[in-house]
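The values are calculated or read from the model by the stated rules, or taken from the named source; none is laboratory data. For clarity, every value in this text was computed on a predicted model and none was experimentally measured. Reconstructed Cβ throughout: ideal geometry from the backbone, glycine too, with neighbour counts over all protein chains shown. In case anyone asks, the SASA skips ligands and DNA or RNA and just uses the protein heavy atoms, side chains included. Shrake-Rupley method; radii C 1.70, N 1.55, O 1.52, S 1.80 Å.
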Amino acid sequence: MAASCMLRSSFLSPCPQLHHQSTTTTTSKPNNGIHFFTPIKATASTNDAVSSQKHRRPADENIREEARRHCSSHNFSARYVPFNAPPTSDEWYSLDEIVYRSRSGGLLDVQHDMDALKKFDGQYWRSLFDSRVGKTTWPYGSGVWSKKEWVLPEIDSDDIVSAFEGNSNLFWAERFGKQFLGMTDLWVKHCGISHTGSFKDLGMTVLVSQVNRLRKMHKPVVGVGCASTGDTSAALSAYCASAGIPSIVFLPANKISMAQLVQPIANGAFVLSIDTDFDGCMQLIREVTAELPIYLANSLNSLRLEGQKTAAIEILQQFDWEVPEWVIVPGGNLGNIYAFYKGFQMCKELGLVDRIPRLVCAQAANANPLYLHYKSGWKDFKPVKANTTFASAIQIGDPVSIDRAVFALQNCNGIVEEATEEELMDAMAQADSTGMFICPHTGVALTALFKLRNSGVIAPTDRTVVVSTAHGLKFTQSKIDYHSKEIKDMECRFANPPVEVKADFGSVMDVLKSYLLSKNSKL
């Protein structure tokens with residue numbers, strides 16, 4: 001009975017006290033102020049694990065203060081290491097250091113102490129993560145921070161900057177799958193249903209939380225900066241505004257939607273509109289952050305990927321820990337495809353699932369360096385000059401995370417596909433016509449799905465998840481242009497313009513009868 005009570009307490013505690021796999025709990029002597037706890041195996045049912053005696057915090061105590069009161073220590077840790085380093089490498093950095101690349105100039109990765117995490121079996125982690133869904137307990141109301149031990153295990157919960165992001169809808173695309181693809185098990189992960197309307201919130205809560213921690217440690221950080229095609233700047237400015245941290249945004253002039261531009265402006269960011277493309281903005285922000293104490297927030301920074309990987313874990317949770325056959329992700333700077341791989345792979349390595357899905361990275365044909373690299377058999381990678389695409393957030397010709405993406409795809413038997421402008425806009429319109437309201441980037445992913453279904457690579461009964469990365473409301477002008485048939489050299493086959501009609505009963509009846517007959521309806 002005592003062990004059962006302690007187990008329930010550990011699931012609900014904001015900083016869970018973890019126990020070794022035995023029937024008793026012991027605490028070793030403190031080591032440098034850190035207490036190491038020995039876990040007991042999580043054998044109780046999920047319902048048992050999440051049940052607890054009802055309580056209410058005092059009226060004058062907020063949820064941060066409540067979390068502080070319940071906080072316990074653990075022995076989980078993470079650090080920066082060179083990405084895909086050989087086992088003999090001894091290079092590593094504390095997450096409290098301001099560092100973006102390895103000594104050789106390569107990418108960094110966040111490496112977790114997997115031996116410590118493996119002291120708990122897969123059932124323990126499944127039950128722990130499931131117990132936190134939908135709660136207001138700080139910070140676990142967030143889909144990202146409900147996996148805190150796998151994200152930033154050493155950060156104090158009081159330093160976390162969160163809008164309770166994540167926990168996004170996994171939508172059964174029943175009509176779209178049946179009508180257009182002959183599929184019965186098609187799902188769309190709406191990561192754009194988030195605080196600022198895109199999946200970038202998942203990574204930005206982690207990065208800004210760490211910056212908040214660094215500033216409290218009096219590290220030389222006066223603000224946070226990013227280059228952006230829209231969504232990154234929206235997420236950065238919102239989370240920085242919440243924490244009272246200055247944000248600086250480099251945007252390519254006249255290359256993003258007004259809805260995307262207004263978000264960082266409204267959140268008080270210092271916005272520079274620069275006469276170049278995203279790659280040019282990226283080069284400038286890297287040069288600036290090398291000279292000024294401004295923390296770099298682009299996906300070169302591997303902290304963001306720790307938040308983004310939680311969307312993969314969420315997908316597994318939402319399927320009750322069953323693994324889909326396919327996950328299709330739009331790709332621009334290519335950090336997200338690696339983040340999904342990392343999330344799935346951690347779940348497999350720690351025993352939550354026994355396999356990972358095959359990943360598909362979908363690119364716009366106007367900005368397709370990864371696709372060309374894939375079609376060449378992964379021979380020497382060559383950046384491209386990205387041309388204008390309606391999928392503006394992935395209009396990137398020289399992606400920072402190319403090595404990460406290639407590693408992920410090669411290790412999951414992955415595929416890369418591309419979508420022309422007409423294909424992605426048609427796919428977006430088709431999805432919208434079945435009740436969705438998606439972004440052009442999701443249209444790129446759906447185009448990849450169309451091609452893989454038509455070629456027979458994806459079977460009609462394969463459980464498939466398409467990742468939707470941003471909310472359709474950010475791209476209303478492109479939708480207006482499509483349905484008005486005002487896009488040059490585009491047929492706009494699924495356009496649905498309004499019908500002009502005279503203001504009299506007979507005219508209205510005529511057009512309605514014509515419409516209903518066209519739908520084979522009986523009057």
### Task
With a 1.4 Å probe and every protein chain left in place, work out the accessible area per residue of region 207-266 in Å², rounded to a whole number.
34 Å²
### Task
Go through (1) 83, 57, 52; (2) 110, 56, 52; (3) 84, 67, 50 and flag the label whose value is the computed Cα extents along the principal axes in Å for this structure.
(1)
## Note on the structure
For C361 the rounded accessible area (nearest 10 Å², probe 1.4 Å, non-protein molecules ignored) is 0 Å²
### Message
Going by Cα centres, region 203-245 and region 323-384 are how many Å apart?
### Response
26 Å
### Summary
Protection proxy (average C-beta count within 10 Å per residue), highest first, orders 209-218, 285-294 as 209-218, 285-294
### Message
On C-alpha positions alone, give me the angle between the axis of helix 278-291 and the longest principal axis of the chain, in degrees, nearest 10.
### Response
30 degrees
### Query
Lys/Arg Cβ at +1, Asp/Glu Cβ at -1, dipole of region 210-284 taken about the Cα centre: which of P264, A243, S228 is farthest positive-ward?
A243
### Message
Can you tell me the orientation of helix 440-454 relative to the chain, as the angle in degrees between its alpha-carbon axis and the longest Cα principal axis, to the nearest 10?
### Response
80 degrees
### Message
So, R0 is 45 Å and r is the distance between the beta-carbons of S455 and M217; what FRET efficiency does that work out to, to 0.05?
### Response
0.25
### Summary
The relative contact order of the chain, taking Cα pairs under 8 Å that sit 6 or more residues apart, comes to a percentage of 12 percent
### Task
May I ask you to give the percent of accessible area on the chain that is carbon plus sulfur, with a probe radius of 1.4 Å?
51 percent
### Query
Which of the peptides 104-117, 178-191, 362-375 is most tightly packed, and how do the rest follow, going by the mean number of other Cβ atoms within 10 Å of each residue?
362-375, 178-191, 104-117
### Query
Roughly speaking, what is the stretch gain from N411 to T388, that is 0.36 nm per residue apart minus the C-alpha to C-alpha distance, in nm to one decimal?
5.2 nm
### Task
May I ask you to give the solvent-accessible area per residue for region 324-460, in square angstrom, as obtained with a 1.4 angstrom probe?
32 Å²
### Message
Need one word for region 52-114: rounded, prolate or oblate. Basis is the Cα gyration tensor (sqrt eigenvalues a ≥ b ≥ c); a/c below 1.5 gives rounded, then a/b vs b/c decides.
### Response
prolate
### Qualifying aspartates and glutamates (Cα of each under 15 Å from Cα of K148; at least 8 residues distant if same chain)
D113, D130, D156, D158, D159, E165, E306, E314
